[in-house]
Amino acid sequence: MIGRSPISEVPVRVVVCLKPVPDPREPWRFDPVRQTLVRDSSEGILNPQDDLALEAALRWRDAGLDLDCWALTMGAQSARDILKRALAKGADHAVWLHDPDLAGSDLLATTRALTAAIRRIGVVDLVLMGDRSLDAGTGALGAMLAEALGWPHLAGAEAVSVSADRLTATRQGTRDRLQCAWPAVASVAALAGGPRLPSFTGIMATAKKEPVTWTRADLGLAPEEVGLGGSATRVIERMPSPGPAQGEVSA
């Protein structure tokens, strides 16, 4: 069973999807055959909007909500480092989807993997993530994951609040106020104050705590459902950005 509405007396279980992305301060490397980003480097960083989603969940706990927070990610070694950081910030559990069969997954294949992981976690009340990623920037994963789970989706949120039977979000840059019943998916675009840093106490407390690692087989998915083989899209060609136009200075 996944999802319960309204929230019962047990802790609210929130899964925060975290994506490792290439550091924008460094040159991005691409596989010349697959035409995909090389993600096996340890130099990846946490997608900034996903960091805001984690912060939103942790603030609910600070405000007194009985919260069971799961950090979930998929990727190479940098993904593990991101999960360790999430644990140091206050996440209760961390799940790392790590398998060569998952490499090259597009949005559709990624949705399959994340959906399977959420179902394996069990009863989940809310899935949080950033509104878009720094690398691909499609802003579509939240809606696709909500569709796969059969839940409502609140997109572009800059403030999210919870109550016993309702999730409320204010949409970034507008006066839109969205509400839906549990369970749900919410995509965070902005958050006042920004994310916290891991505390020294948190770092020490989780120094020896490792994320749980799940493979494709653990998720119950066939090889053709994930990776390049399970992807509905493929990059055919890449072209360099033309860069900013040169201005002209007149005397």
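The values are calculated or read from the model by the stated rules, or taken from the named source; none is laboratory data. What you see is a predicted model, and the numbers here were worked out from it, not measured in a lab. So basically every Cβ, Gly included, is an ideal-geometry build from the backbone, and we count neighbours across all protein chains shown. To get the accessible areas, we keep the full protein, side chains included, count just its heavy atoms, and leave off ligands, DNA and RNA. Shrake-Rupley method; radii C 1.70, N 1.55, O 1.52, S 1.80 Å.
The rows are residues; the columns are (1) under 24 Å from Gly230 (Cβ atoms); (2) in a helix (DSSP H, G or I); (3) touching a residue at least 60 places away in the same chain (Cβ under 8 Å); (4) touching a helix residue (DSSP H, G or I) at 6+ places or on another chain (Cβ under 7 Å).
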{"position": "Cys69", "(1), (2), (3), (4)": "no, no, no, yes"}
{"position": "Leu87", "(1), (2), (3), (4)": "no, yes, yes, no"}
{"position": "Thr111", "(1), (2), (3), (4)": "yes, yes, no, yes"}
{"position": "Leu114", "(1), (2), (3), (4)": "yes, yes, yes, yes"}
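Among all positions in the range 126-148, there is no residue which is open to solvent by less than 50 Å² (accessible area, probe 1.4 Å), in contact with a helix residue (DSSP H, G or I) (Cβ under 9 Å, 6 or more places away or on another chain), among the β-branched types (Val, Ile, Thr) and over 27 Å from Leu108 (Cα atoms). Say whether the condition of being of a type in the set (A, V, I, L, M, F, W, C), free of Cβ contacts under 8 Å to residues at least 40 places away in the same chain and touching a helix residue (DSSP H, G or I) at 6+ places or on another chain (Cβ under 9 Å) is met by at least one residue in the range 175-196. No - not one qualifying residue is present in the range 175-196. Selection of the range 89-109 for residues being surrounded by fewer than 20 Cβ atoms within 10 Å (Cβ to Cβ), of a type in the set (D, E, K, R) and either under 15 Å from the mean Cα position of the chain (by Cα) or part of a helix (DSSP H, G or I) (or both) yields only Asp106.
Rundown of residues vs (1) over 25 Å from Leu87 (Cβ atoms); (2) open to solvent by less than 60 Å² (accessible area, probe 1.4 Å); (3) of a type in the set (S, T, N, Q), yes/no style:
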position: Trp151; (1), (2), (3): yes, yes, no
position: Leu154; (1), (2), (3): yes, yes, no
position: Thr168; (1), (2), (3): yes, yes, yes
position: Arg171; (1), (2), (3): yes, no, no
position: Pro183; (1), (2), (3): no, yes, no
position: Val188; (1), (2), (3): no, yes, no
position: Pro198; (1), (2), (3): no, yes, no
position: Ala205; (1), (2), (3): no, no, no
position: Glu210; (1), (2), (3): no, no, no
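Would you confirm, using the coordinates I've provided, whether Arg119 is assigned to a loop (DSSP other than H, G, I, E, B) and open to solvent by 10 Å² or more (accessible area, probe 1.4 Å)? Against the criterion (assigned to a loop (DSSP other than H, G, I, E, B) and open to solvent by 10 Å² or more (accessible area, probe 1.4 Å)), Arg119 does not qualify. The residues of the range 224-235 that are surrounded by 13 or more Cβ atoms within 10 Å (Cβ to Cβ) and either free of Cβ contacts under 8 Å to residues at least 60 places away in the same chain or part of a helix (DSSP H, G or I) (or both), listed by number, are Glu225, Leu228, Gly229, Gly230. Yes or no: the range 157-179 includes at least one residue that is within 30 Å of Asp99 (Cα to Cα) and assigned to a loop (DSSP other than H, G, I, E, B). No, the range 157-179 contains no residue that is within 30 Å of Asp99 (Cα to Cα) and assigned to a loop (DSSP other than H, G, I, E, B).
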